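The values are calculated or read from the model by the stated rules, or taken from the named source; none is laboratory data. Just so it is clear, the structure is predicted and the values come from calculations on it, not from any experiment. Don't worry about glycine lacking a Cβ; one is built from the backbone with ideal geometry, like all the others, and counts go over all protein chains shown.
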């Protein structure tokens, strides 16, 4: 993508100033300005937009423990902040430019539906986004894309008006009018095509990083089936996440903008199709990147590889074996217990008080309840607030 | 004059990758040491959790004295040998793991205990600690793999040979008891 940007700068410079280098410099200046804005706008903006609440260890020990386990398995330096999004839709995301100051968020709907192994798979996927610096990479790519679009838009406008009014400076070189026209036409065509090409590149990069994150999750947990069955549950739900936003889309675990019933497998999708991801994970015979690569080739019948050479070289081609399914800790095994767990957490986070009646009912008192007494709806006993 | 430039050129062309590789080796070796220390942290956490577990469970499981004692003894032994060599430690920790899993399997017969909130929270902590121990071992082995690759693959093995970086050992589980899965009977 940087190449596309450089080419735009090159052509613009040639057209306007007869000097390609000037064009490149201007392109770089615009890029640097946008980068600076984006770098300092921070994660809190994105998290605030999603109505996320930060939790402590005592609020949800199981989630906290799972994140801590994955932090150890991946070798992250510091524990990421954990947020819960109050939404019945199923999704999770990771954010943070720097692995030292990262955050992970998960919706309450998803927290309720997954068992421990699946939750571990999802968190492993998010943490590998942090570890592989995908947040930074996609932000940079987004900025590059923005710069390209800006330059292309203004560039093409000026070129068109410039050539129409005929106020072109004649070139001082011996090329003459014809060469200029050819350059003009080329530049115009490129201006129009560049944003489209850049977008496709952006989405292709996003999809590739998703595959890498899936492979890393399998490597950390040594149990790709966990992530696979979590993805199955995720794919089955068609509920849209209310507060998803475009800027953050690549960092969610599944595409928050997928339309109901449509297969999000086209070129403009930030995530690969879920069924394909599940098939690759389930076909893995070991847990290393090489195994994921092999599995990917198997699913795509021999076409190409998905893990870059650099990532493969880092871990070597040692065979890493999978572990067996772990027996679930009884706390929160059943769906009912997990649902109760999560709704208890949401009550507490929203400052509701709890009164336990002798008949076994738990009464939830909203924070601004002003009466001094409340009656149990089941047995009729009066309780003092 | 030309000779000086050639010498500077050689220094730059060979020196910079050399320094970069050396730093990479140092970083990886420190990662291995750090990973080893992390295992210690988790093991110690387990020692601290077990007395708590014993207190909670004692009242309910009066007839399981042998199982309870096995856990307490294994824990004390493991704590005693915590300053000994890796082989002995691995053995003691393995014994503790299997004693704990036997205890947790027996808990299935005590529905009162299973409904106790304290116990449930403790069980979650214990499960998580066991997971963390195995993940920190896993991370240690991964770090050792990366470090060994660097010391043995070309061209970084040249740098490693010259500066004295040697391959590290993996943390193997050699305790037969730990490899055995706990038998849970539903009779």
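Please determine whether any residue of the stretch A:89-107 is under 17 Å from the mean Cα position of the chain (by Cα), within 14 Å of chain B (Cβ to nearest Cβ) and crowded, with 24+ Cβ neighbours inside 10 Å. No, the stretch A:89-107 contains no residue that is under 17 Å from the mean Cα position of the chain (by Cα), within 14 Å of chain B (Cβ to nearest Cβ) and crowded, with 24+ Cβ neighbours inside 10 Å. Residues of the stretch B:78-103 that are over 17 Å from residue B:44 (Cβ atoms) and without any contact (Cβ under 8 Å) to a residue 40 or more places away in the chain: B:85, B:99.
Each residue in the stretch B:107-120 was checked for being in contact with a helix residue (DSSP H, G or I) (Cβ under 7 Å, 6 or more places away or on another chain) and facing another protein chain (nearest Cβ under 10 Å), and 3 pass. For the stretch B:134-147, a tally of residues being more than 7 Å from chain A (Cβ to nearest Cβ), surrounded by fewer than 21 Cβ atoms within 10 Å (Cβ to Cβ) and closer than 16 Å to residue B:166 by Cα returns 1.
Annotation: residue B:96 fulfils all but one of (1) away from chain A (no Cβ under 14 Å); (2) at pLDDT 85 or above; (3) more than 16 Å from the chain's Cα centre (by Cα); the unmet one is (3). Take the conditions in contact (Cβ under 8 Å) with a residue 40 or more places away in the chain and surrounded by 19 or more Cβ atoms within 10 Å (Cβ to Cβ) and apply them to residue B:75. Does it pass? The answer is no for residue B:75. Residue B:131 meets each of the listed conditions (1) modelled with pLDDT of 85 or more; (2) more than 9 Å from chain A (Cβ to nearest Cβ) apart from (2). Candidates are the residues of the stretch B:20-45 that are surrounded by 18 or more Cβ atoms within 10 Å (Cβ to Cβ) and farther than 24 Å from residue B:152 by Cα; the one that is farthest from the other protein chains (Cβ to nearest Cβ) is B:43.
For the structure I just gave you, tell me whether residue B:68 is more than 14 Å from chain A (Cβ to nearest Cβ) and free of Cβ contacts under 8 Å to residues at least 24 places away in the same chain. No. Return the only residue of A:361, A:342 being surrounded by 12 or more Cβ atoms within 10 Å (Cβ to Cβ), modelled with pLDDT of 60 or more, closer than 30 Å to residue A:230 by Cβ and more than 14 Å from every other protein chain (Cβ to nearest Cβ). Every option except A:342 fails the conditions.
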